[in-house]
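For reference, the structure is listed below as structure tokens.
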Amino acid sequence: MTKDWARNSWRLKPATQQPNYPDPDALSAAIRKLSALPPLVTAWEIGSLQKQLAEAAAGNRFVLQGGDCAERFDDCTTVSITNKLKILLQMSLVLINGGKKPVTRVGRFAGQYAKPRSEDLETRNGVALPSYRGDVVNRPEFTAEARIPDPSRMVLGYERAALTLNFLRAMVRGGFADLHHPEYWDLDFVDHSPLAAEYRDMVRSIADSLRFMESVLGVHTGEMNWVDFFTAHEGLLLPYEEAQTHFMGLQNKWYNLSTHFPWIGARTLNPDGAHIEYFRGIANPIGIKVGPSLSEDHLKRLLDTLHPDNEPGRLTIIHRVGRAKIESALPGIIKAVRQSGKQVLWICDPMHGNTHPTSEGIKTRDFRDIFGELELSFEIHKACGTHLGGVHIELTGENVTECVGGARNLTEQDLKRAYKSEVDPRLNYEQALEIAMLIAKKMSSL
Ligand code: PEP
Ligand code: CO
């Protein structure tokens with residue numbers, strides 16, 4: 001067990017990106033309520049994910065991590081959850097085909113509710129109110145009442161996370177994710193996609209290989225039949241994370257049982273800060289988001305604190321430096337890790353370094369930058385003797401228009417049509433499928 005650590009020892013360190021709750025009694029009451037609720041995931045599932053992440057770090061598996069920038073309470077619906085599951089399954093099918101490796105699916109869901117913000121206050125027409133920090137903290141409407149951080153929203157968020165996960169588990173176990181029936185996963189608009197034919201060819205070839213293995217080789221697909229699903233979210237709102245941190249006697253370890261795979265965002269990586277303090281003591285596999293300005297020394301300190309035992313699968317570096325900086329920044333990040341002697345899993349998040357405002361001030365991302373950063377990441381890792389073991393993508397199963405480019409070549413004009421995100425722009429269904437196809441092609445050419 002970690003020395004001098006408790007699930008609340010982060011409270012002795014400076015904590016950034018936390019809301020200012022006006023009522024401390026209401027905060028304590030919400031934490032008590034949350035702590036008493038049963039966990040969402042188990043230590044066994046977490047252990048099984050860690051094994052898979054270790055395989056990915058060794059180059060024998062690929063990780064697809066994806067979902068909304070922020071889940072919304074109102075999006076906890078059958079359609080929205082089904083569509084997210086479908087697109088992640090479809091993308092993984094495409095990646096299995098291209099990479100010829102098993103794929104682990106990790107959703108940014110069932111708890112991805114808290115958002116870091118650049119300013120504590122948002123000012124409109126001379127009025128300053130607390131920034132919207134995600135549905136688990138407050139509401140996005142620009143009114144004083146909506147923006148007050150309300151601790152009871154943590155309990156509401158946890159309940160929605162439980163509903164989401166319950167439905168996902170039922171769908172996955174109930175056969176929706178059976179690899180023999182990929183036709184269940186078709187989304188309505190695959191029919192109108194310029195990539196429909198290519199996708200259907202891939203599905204056919206996967207079905208053929210399954211049949212071949214079963215009938216000719218006599219291999220029973222058993223485990224392969226069902227696709228595992230894991231959950232992940234940014235461990236940002238520390239009272240929420242603390243409340244669901246439990247000691248598991250059998251393992252003799254502390255786990256965050258609200259998710260399998262929490263990560264630390266790029267803005268909360270202060271080595272002396274509260275987030276690092278919290279994360280160093282939990283036994284889950286964890287991710288850190290590394291941007292272009294993080295120094296090599298800073299990264300080495302993080303590896304010492306968060307990854308002291310070099311346990312396989314424990315630490316994932318999710319680099320998110322942007323298309324423009326990937327060539328100058330990634331080799332240094334890889335070098336620092338190599339000098340530390342630590343093994344990590346490398347995942348590329350090609351979204352967060354590629355956000356820019358349009359001339360009208362709408363936040364967008366260009367599909368070319370997103371794929372450009374991914375493609376270069378594969379190449380740079382290969383040249384450095386490491387390998388990219390996964391991708392982290394903000395996406396939705398809906399037909400939104402938030403990122404420009406892609407096979408349909410969405411333009412800035414299209415953004416007005418169906419821009420729904422309150423936070424970062426996501427790839428829509430077609431763009432997500434297209435990026436999976438491009439990644440698959442890249443993987444098969446390496
Ligand atoms: C995010 O993943 O939504 C996010 C805020 O990312 P980052 O911490 O990398 O900026
Ligand atoms: Co985001």
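Of the candidates G397, G372, G389, the single residue that is farther than 28 Å from P271 by Cα, away from ligand 2 (no atom under 15 Å from the Cβ) and crowded, with 21+ Cβ neighbours inside 10 Å is G397. Just one residue in the set I96, I81 is under 22 Å from L163 (Cα atoms), over 14 Å from the mean Cα position of the chain (by Cα) and among the aliphatic types (A, V, I, L, M); that residue is I81. When F109 is tested against (1) among the hydrophobic types (A, V, I, L, M, F, W, C); (2) within 21 Å of S258 (Cα to Cα); (3) away from ligand 2 (no atom under 15 Å from the Cβ); (4) surrounded by 17 or more Cβ atoms within 10 Å (Cβ to Cβ), exactly one condition is not met: (3). In the set (1) within 19 Å of the chain's Cα centre (by Cα); (2) more than 16 Å from ligand 1 (Cβ to nearest atom), the condition left unmet by L395 is number (2). Scanning region 108-154 for residues that are within 22 Å of K33 (Cβ to Cβ) and either part of a strand (DSSP E or B) or β-branched (V, I, T) (or both) gives V136, V137, I148.
Taking first residues from region 351-363 that are without any contact (Cβ under 8 Å) to a residue 60 or more places away in the chain and partners that are away from ligand 2 (no atom under 15 Å from the Cβ) and in a loop (DSSP other than H, G, I, E, B), the Cβ contacts under 8 Å between residues at least 6 apart in sequence or on separate chains come to N354/R323.
If you go through region 341-380 and keep only what is closer than 18 Å to K442 by Cα and touching a Gly at 6+ places or on another chain (Cβ under 9 Å), you end up with W346, I347, C348, P350, F367, R368, D369, I370, F371, E373.
Here region 114-153 is the region considered, the condition is being hydrophobic (A, V, I, L, M, F, W, C), out of contact with any Leu (no Cβ under 8 Å at 6 or more places or on another chain) and farther than 18 Å from Q18 by Cβ, and the residue that is surrounded by the most Cβ atoms within 10 Å (Cβ to Cβ) is A146.
For Q90, indicate whether it is among the polar types (S, T, N, Q) and within 16 Å of ligand 1 (Cβ to nearest atom). Working first, answer last.
Numbers: among the polar types (S, T, N, Q): yes; within 16 Å of ligand 1 (Cβ to nearest atom): no.
Taking the combined requirement at face value, the residue does not satisfy it.
When the test is whether a residue is among the aromatic types (F, W, Y), out of contact with any helix residue (DSSP H, G or I) (no Cβ under 8 Å at 6 or more places or on another chain) and farther than 17 Å from V290 by Cα, Y429 does not pass it. Among the residues of region 393-413, write down those that are on the phi > 0 side of the Ramachandran plot and outside any strand (DSSP E or B). Correct list: G406, N409. Mind checking which residues of region 56-105 are part of a loop (DSSP other than H, G, I, E, B), within 16 Å of ligand 2 (Cβ to nearest atom) and among the charged types (D, E, K, R)? Within region 56-105, D68, E71, R72 qualify. Among the residues of region 392-433, the ones that are among the charged types (D, E, K, R), at pLDDT 95 or above and in contact with a Phe, Trp or Tyr (Cβ under 7 Å, 6 or more places away or on another chain) come to 1 in all. Of all residues assigned to region 5-20, at least one qualifies as being more than 16 Å from ligand 2 (Cβ to nearest atom), among the aliphatic types (A, V, I, L, M) and in contact with an Asp or Glu (Cβ under 8 Å, 6 or more places away or on another chain). Residue count for region 163-216 under the criterion of being among the basic types (K, R) and closer than 28 Å to G111 by Cβ: the result is 2.
Taken over region 282-311, the criterion of being of a type in the set (D, E, K, R) and closer than 15 Å to W346 by Cβ is satisfied by K289 alone.
From the list F230, F279, the one residue that fits, being within 14 Å of ligand 1 (Cβ to nearest atom) and either closer than 19 Å to V137 by Cα or buried (at least 22 other Cβ atoms within 10 Å of the Cβ) (or both), is F279. Do you know which residues across region 345-358 are away from ligand 2 (no atom under 16 Å from the Cβ) and either crowded, with 24+ Cβ neighbours inside 10 Å or in a strand (DSSP E or B) (or both)? Of everything in region 345-358, those that are away from ligand 2 (no atom under 16 Å from the Cβ) and either crowded, with 24+ Cβ neighbours inside 10 Å or in a strand (DSSP E or B) (or both) turn out to be L345, W346. Considering region 1-28, the residues that are part of a helix (DSSP H, G or I) and exposed (fewer than 15 other Cβ atoms within 10 Å of the Cβ) include one that is farthest from the chain's Cα centre (by Cα), namely D25. Residues of region 401-422 that are within 16 Å of ligand 1 (Cβ to nearest atom) and surrounded by 20 or more Cβ atoms within 10 Å (Cβ to Cβ): E402, C403. Restricting attention to region 423-437, the residues that are crowded, with 22+ Cβ neighbours inside 10 Å, of a type outside the set (S, T, N, Q) and assigned to a loop (DSSP other than H, G, I, E, B) total 2. If I filter region 327-337 for residues that are in contact (Cβ under 8 Å) with a residue 24 or more places away in the chain, assigned to a loop (DSSP other than H, G, I, E, B) and farther than 23 Å from P102 by Cα, do I get at least one hit? Looking for residues that are in contact (Cβ under 8 Å) with a residue 24 or more places away in the chain, assigned to a loop (DSSP other than H, G, I, E, B) and farther than 23 Å from P102 by Cα, one finds none in region 327-337, hence no.
The values are calculated or read from the model by the stated rules, or taken from the named source; none is laboratory data. Just so it is clear, the model here is predicted, and its values are computed rather than measured. Note that we place each Cβ from the backbone using ideal geometry, even for glycine, and neighbour counts take in every protein chain shown.
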